[in-house]
Amino acid sequence: MNPLAAIGRGFLTLLATTGRIGLFASAAIGHCVRPPFYPRLILRQFIEIGYYSLPVVGMTTLFSGMVLALQSYTGFARFSAEGAVATVVVLSMTRELAPVLAGLMVAGRVGAAMAAEIGTMRVTEQIDALTTLSTNPFKYLIAPRVIAATISLPILVLIGDIIGVFGGYVVGVYKLDFNAANYISSTIQYLERMDVISGLVKAAVFGFLIALMGCYHGYNSRGGAQGVGAATTNAVVTASIMILVANYVITEMFFAD
Amino acid sequence: MSDTPKLRIRDLKKSFGAKVVLNGIDLDIGAGESVVVIGGSGTGKSVLLKCIIGLMEPDSGTIEIDGENVVGLPRSEREAYMRKFGMLFQGGALFDSLPVWENVAFGLMASKQVDRADARKVAIDKLAQVGLSEDVAALSPSELSGGMQKRVSLARAIATDPEIIFFDEPTTGLDPIMADVINDLIVKCTRELGATGLSITHDMASARKIADRMAMLYQGKIIWAGPVSEIDSSGNDYVDQFIHGRAEGPIQMAVRRG
């Protein structure tokens, strides 16, 4: 086979897929903002995505905050800057670690489940059945997931911020012998509103991407159990990569100057 | 049969890439009539059904429902026609996240704005029509056997009192007794509603029981259509081979699914 043709074909496939995802995303957003809405389903997805992800996000951010305090202490001690530990922990958590780690964990937990559930509905004709029962699958299946994920990720990340900072505090005060009051005051001292807000904006975008990829791959899955398996993998992989790319782009937008 | 057929299909064509699946289908179904389309696997029966319901858009041709062509209509107008339809899917296609009664009442709650309490009453009523008791209503579909799932799916198909009901291989995967039960229920329910029926199947026992008229689909065309009483004397070699289930004959089995 001609290697150039193979590269060209791969590139064309990439462009076609990008276009399909774009169309899917705009259809999904369109159905999110137009009635009818399904409050019952949106609530169920909130519980599924938000509430049940709390333990995972809590554990992840707790230990990230703890290890961050430990690592930055050993690093900063080399040039006598131990006092910066609290600030480093809070800035890293709010701006970067909480949104990205929560995003990746939720992508693995929720994105995979969405792709598997919608994919199974596709191959067992449940999505066709929805259509014949005068229900638009975009409104019934996809919009509730996209709405719930986009709103619940920032809430999860806000909680994650607090738990992460608490993790840093625990290590700082009980292991590294910082004064508790000093640690808290230097945590707050250099923290700006924008640090937290940028993290929450990131989280909203990540939540949207997770739901979009889970739904897109599930909705377009083909060919039985193997197709659903592939859809699940693709949902997690593409969502994770898109989270990391979007993370850079958003950081660039917020802190360019 | 009245003058305008309930469903009139003319020169319907559909291809996937180079593979022609429907190659000019002509079919009329009168109001209140039950037509069964028979044909082997991969002859395009499912595609025909999906085109009529509106899950797939045909390449060309017309599909008239009560004299109105629905091919090429925008989606919102197409959905209005879907309300006249009920569909029994091959695998049941019950929503496994919902209990049985919500499955049955789904179409009612979605399109006619019936509140939940009333919808539940209708659902239990429809379940009774297919021979299921109220105890089943609260169960999850995955707790039911294949035959029971088919019954629930039939109850869902008739719940909105549709004018046309489609049956996709209604007896596939059922034991002969349960298949006969389902056949009887299909005949009973469509009669009670006065609905028009279109079924696709390769189960001849089922086809003979449900159909007023049969049509045989082969290589994307209707090669024979006529009343059930004439199926045994059609004089068509393809039909004879199919209804007697002979391996030898003019029909070549398709390899790829259509």
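The values are calculated or read from the model by the stated rules, or taken from the named source; none is laboratory data. If you're wondering where the values come from, they're calculated on a predicted model, not measured in any experiment. Heads up, the Cβs are rebuilt from the backbone with ideal geometry, glycines too, and the neighbour counts pull from every protein chain shown. With ligands, DNA and RNA removed, areas are computed over all heavy atoms of the protein, side chains included. Shrake-Rupley method; radii C 1.70, N 1.55, O 1.52, S 1.80 Å.
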Check: Do the conditions hold for B:LEU127, that is, is it within 27 Å of B:ILE200 (Cβ to Cβ), free of Cβ contacts under 8 Å to residues at least 60 places away in the same chain, more than 8 Å from every other protein chain (Cβ to nearest Cβ) and open to solvent by 10 Å² or more (accessible area, probe 1.4 Å)?
Finding: no
Note to self: Take the residues in the stretch B:113-124 that are loosely packed, with under 14 Cβ neighbours inside 10 Å and farther than 19 Å from A:LEU41 by Cβ; name whichever of them is nearest to the other protein chains (Cβ to nearest Cβ).
What the structure shows: B:ALA117
Notebook entry, point to check: Which one of these is buried (at least 17 other Cβ atoms within 10 Å of the Cβ) and farther than 20 Å from A:ILE184 by Cα: A:LEU101, A:LEU97?
Noted result: A:LEU101
Check: What are the residues in the stretch B:147-158 that are under 15 Å from B:PHE95 (Cα atoms) and open to solvent by less than 30 Å² (accessible area, probe 1.4 Å), if any?
Finding: B:LYS150, B:VAL152, B:SER153, B:LEU154, B:ALA155, B:ARG156, B:ALA157
Next item on the list: Among the numbered conditions (1) closer than 20 Å to B:LYS50 by Cα; (2) of a type outside the set (Lys, Arg); (3) open to solvent by 80 Å² or more (accessible area, probe 1.4 Å), tell me where B:ALA207 comes up short.
Entry: (3)
Note to self: Looking at A:VAL157, A:VAL237, A:VAL170, A:VAL205 in this structure, which one is within 27 Å of A:PHE255 (Cα to Cα) and either open to solvent by 30 Å² or more (accessible area, probe 1.4 Å) or outside any helix (DSSP H, G or I) (or both)?
What the structure shows: A:VAL205
Next item on the list: Please enumerate the residues belonging to the stretch A:133-154 that are away from chain B (no Cβ under 14 Å) and open to solvent by 30 Å² or more (accessible area, probe 1.4 Å).
Entry: A:ILE147, A:THR150, A:ILE151
Notebook entry, point to check: Pick from the stretch B:75-104 the residues that are closer than 28 Å to B:ALA138 by Cβ and of a type in the set (Phe, Trp, Tyr): which of them is surrounded by the fewest Cβ atoms within 10 Å (Cβ to Cβ)?
Noted result: B:PHE95
Next item on the list: Mind listing just one residue for me: the one in the stretch B:37-64 that is of a type in the set (Val, Ile, Thr) and more than 14 Å from chain A (Cβ to nearest Cβ) and, of those, nearest to B:GLN219 (Cα to Cα)?
Entry: B:THR43
Note to self: Quick check on this structure: which one of B:ILE9, B:ILE29, B:ILE53 is under 24 Å from B:ARG151 (Cα atoms) and surrounded by 16 or more Cβ atoms within 10 Å (Cβ to Cβ)?
What the structure shows: B:ILE53
Notebook entry, point to check: Here are A:SER80, A:SER92, A:SER53, A:SER72: which of them is more than 14 Å from chain B (Cβ to nearest Cβ), farther than 30 Å from B:GLY92 by Cα and at pLDDT below 90?
Noted result: A:SER80
Notebook entry, point to check: Before we move on, is A:VAL85 aliphatic (A, V, I, L, M), touching a residue at least 40 places away in the same chain (Cβ under 8 Å) and in contact with a Lys or Arg (Cβ under 7 Å, 6 or more places away or on another chain)?
Noted result: no
Notebook entry, point to check: If only one of B:ASP175, B:ASP135, B:ASP184, B:ASP168 is farther than 28 Å from B:LYS50 by Cβ and either modelled with pLDDT of 85 or more or open to solvent by 40 Å² or more (accessible area, probe 1.4 Å) (or both), which one is it?
Noted result: B:ASP135
Next item on the list: Being more than 9 Å from every other protein chain (Cβ to nearest Cβ) and in contact with a helix residue (DSSP H, G or I) (Cβ under 7 Å, 6 or more places away or on another chain) is the filter here, so list the residues in the stretch B:70-97 that pass it.
Entry: B:VAL70, B:LEU88
Item checked: Search result, residues across the stretch B:187-204 that are buried (at least 22 other Cβ atoms within 10 Å of the Cβ) and either among the hydroxyl-bearing types (Ser, Thr, Tyr) or closer than 20 Å to B:SER46 by Cα (or both) -> B:THR190, B:THR196, B:GLY197, B:LEU198, B:SER199, B:ILE200, B:THR201
